[in-house]
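Accompanying notes for the structure given below.
The values are calculated or read from the model by the stated rules, or taken from the named source; none is laboratory data. The model shown is predicted, which means the values in this text are computed figures rather than measured ones. Because the Cβ atoms are built from the backbone with ideal geometry, glycine has one as well, and the counts that use them run over all protein chains shown. Ligands, DNA and RNA are excluded from the accessible area calculation, which covers all protein heavy atoms including side chains. Shrake-Rupley method; radii C 1.70, N 1.55, O 1.52, S 1.80 Å.
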Amino acid sequence: MITQPAFAVEAWTIRERELNLDVLAQTESIFALSNGHIGLRGNLDEGEPCGLPGTYLNSFYELRPLPYPEGGYGYPESGQTIVNVTNGKIIRLLVDGAPLDIRYGQLQRHERELDLRAGVLRRTAMWSSPTGRTIKVSSIRLVSFTQRAIAAISYEVEPLDAPVRIVVQSELVANEALPDVGKDPRAGAVPLLPLESEEHDVQNLRGLLIHHTQASHLRIGAAMDHLVEGPEGMTMEAESTPDIARISFSARLQPGERLRIIKFLAYGWSSQRSRSAIHDQLLAALTAARSTGWEGLLAEQRDFVQMFWKHAGIEMEGDAQLQQAVRFAQFHALQACRRGEQRPIPAKGLTGPGYDGHTFWDTEIFVLPVLTLIYPHAAAETLHWRHSTLPLARERARQLGLRGAAFPWRTIHGEECSGYWPAGTAAFHINADIAYAVTFYIACTDDHVFEQEVGLELLVETARLWRSLGFLDTHGQFRINGVTGPDEYSALANNNVYTNLLAQQNLRAAAEASRRHPQVACSLGVDTDEIASWNEAAEKMFIPYDQDLNVTPRMTPLPPMNGGTLRTPHQSSTPCSCTFRILISIASRWSNRLIWFWPCICGAMPFRQSRRRATSPTMSR
């Protein structure tokens, strides 16, 4: 955690005036660049030192088994983990044979600046080598908002006090070593050497690597090309191995002379396309980037970002620090989605591997409402991705004995990846969260085409889930039992207020949308009886209220034991079959510690489990 003031308060920049290695990992996230398709952590150009190296492609993942001490009904068999793909950021520098490493020699000046109006990361460093040679390094890095597959770097070296022999090594590196992240459950479970080589090649100033994953069978390619400006006598060498492509430049520089390298990077991946198709795609992307040129890429980036601020800028008066924070948050929200193009928005964006790169309910409840107001196209694209996963969600609902669609608590591709039911699948509110994002988007944009082609089906299938998950008790109240609300530390509750209110809204929205578009609703199998059942459930939804305290509790407690039987609040009420499956599965998994666990089921002790904190040795990530 950054506990000291580290950044100057400026209107349009995030500026770090000195380098603090103790918070290097945190600043790498702050200075991360992304366009929603490619994500580059803010690592130093030379690669080391680093907190956590990271290069990510949206939805590029590897499968990993989710082992359980004892299997249970509905438990996912495998998880999905975002992969640190080929690193193209690395530009190593040697000064008279001494490698630039800020841990050695003397770092006289170091400044990094995230420019929120230009959409670039700038870095300036003045460093004296252990042999006493002082040089200045300047770099500018961007991930293009306009050319989806492209990132680019401008890198300049200048000696300040004496002639020096400079060697610059520009690299693509796959399967780079990652530091141990400890036991933090938010950190991704990264497989060792996740990429297997298919092709490596260098020609002139161009290098290329193509790999595939072992279990998910995804293919990824990375390529680089260069433009070089330097003194006469400069030489170049190229080499490649299965996991490294390297172009080396060597020159002798006098004070006042500069060696400048423009590095173009192209990335692509596919689950279906051939190696040769990926190869050609990368070369085409590099051709377009070279044709645009470095200055052209900068101009495109600046023009797009300025247009974004023109339509989405939020002005804060009287608080410069808050103004900076709001713009920083907006910029990172833009980075997470701009070129995602019907891909999910992960919990950490593409700034790191936290939470395995999964998307959660946070996307629909916290991110999409903001994007709907400032960049509605991106919100629609993300909901298109949710819609594309409907077949998997329907299958999950059938597996749970429910109708409609049960969307995953955490996922990359669309399958449920949570191996811990109480803080995973039991959080059924994810389905109402998606419905909320749909209705909010439609209300704000009047996008009737979206409503008919995407929104209505999402509303219908989630409404069907709620109608089968809940039940009408003997008093005519609609109850939803055995679910986990947003507070993941208190799992498996009856009538969680947040869940019931959002489900109520979901049911009403589905009924209203079906009446607006009767032909589309009919094609989805919706009839007047089903619409009436949604309205009835919404009208009779039980919302807990404490008359004595005049407050709305967040839930009703799970019922007490009575003669060895777990009872619902009314003896004749019957919870859904899914609730029994949940309890049976949990009991089988925790049979060796039921003395501790049973009070949790009965509401006497809250769970202390969530994706933010894991204390159980049986929790798999």
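General observations
- Full-stretch length increase - GLU10, TYR545 - with 0.36 nm per residue and alpha-carbon distance subtracted: 187.9 nm
- Tensor-based shape of the stretch 53-126 (alpha-carbon gyration tensor, a/c under 1.5 rounded, otherwise prolate or oblate): prolate
- For VAL120, the residues whose modelled amide H falls within less than 5 Å of its own, excluding neighbours fewer than 5 places apart on the same chain, are ASP115.
- The residue among ALA463, TRP294, VAL168 whose Cα reaches farthest toward the positive pole of the charge dipole of the chain, with charges on the beta-carbon of Lys, Arg, Asp and Glu, is ALA463.
- Couplings 3J(HN,Hα) for the stretch 461-469, derived from phi with the Karplus relation 6.51 cos²θ - 1.76 cosθ + 1.60 (θ = phi - 60°), are 5, 6, 4, 4, 4, 4, 5, 8, 7 Hz, where x marks Gly and Pro.
- The residues of the chain expose, per residue, 41 Å² of accessible area to a 1.4 Å probe.
- Residues in the stretch 374-405 that a label on ALA329 would reach, taking backbone N under 19 Å of a point 7 Å out along Cα→Cβ: 374-376, 379
- Rounded to the nearest 20, the size of the Cβ-charge dipole of the chain about its Cα centre is 860 debye, with Lys and Arg at +1 and Asp and Glu at -1.
- The distance linking the stretch 450-517 with the stretch 105-143 is 53 Å (Cα centroid to Cα centroid, whole angstrom).
- Summary value for the chain: 13 percent relative contact order, contacts being C-alpha pairs under 8 angstrom separated by 6+ residues.
- Rounded, prolate or oblate (a/c below 1.5 giving rounded, otherwise prolate when a/b exceeds b/c) for the chain by Cα gyration tensor: prolate
- Percent accessible area from carbon and sulfur atoms, the stretch 1-147, protein chains only, probe 1.4 Å: 50
- Fraction of accessible area attributable to carbon and sulfur, the stretch 287-399 (%, probe 1.4 Å): 54
- Here the 3J(HN,Hα) profile of the stretch 361-377, calculated from phi with Karplus coefficients 6.51, -1.76 and 1.60 at θ = phi - 60°, is 5, 4, 4, 6, 8, 9, 8, 5, x, 5, 5, 4, 7, 10, 7, x, 4 Hz, Gly and Pro shown as x.
- Mean ellipticity per residue at 222 nm, deg cm²/dmol - from DSSP H runs of n ≥ 4 across the chain, formula -39500 (n - 2.57): -9500 deg cm²/dmol
- Per-residue SASA remark: MET555, around 50 Å² accessible (1.4 Å probe; ligands, DNA and RNA not included).
- Close amide H partners of GLY268, meaning residues 5 or more places away or on another chain with modelled amide H under 5 Å apart, are GLY221.
- Sequence-distant residues sharing a close amide H with GLY79 (under 5 Å, placed H): ARG64, LEU66
- Surface share of carbon and sulfur [accessible, 1.4 angstrom probe, percent] for the stretch 415-518: 51
- When the Cα positions of CYS444, ASN506, THR382 are compared along the charge dipole of the chain, ASN506 comes out farthest toward the positive end, with charges on each C-beta of Lys, Arg, Asp and Glu.
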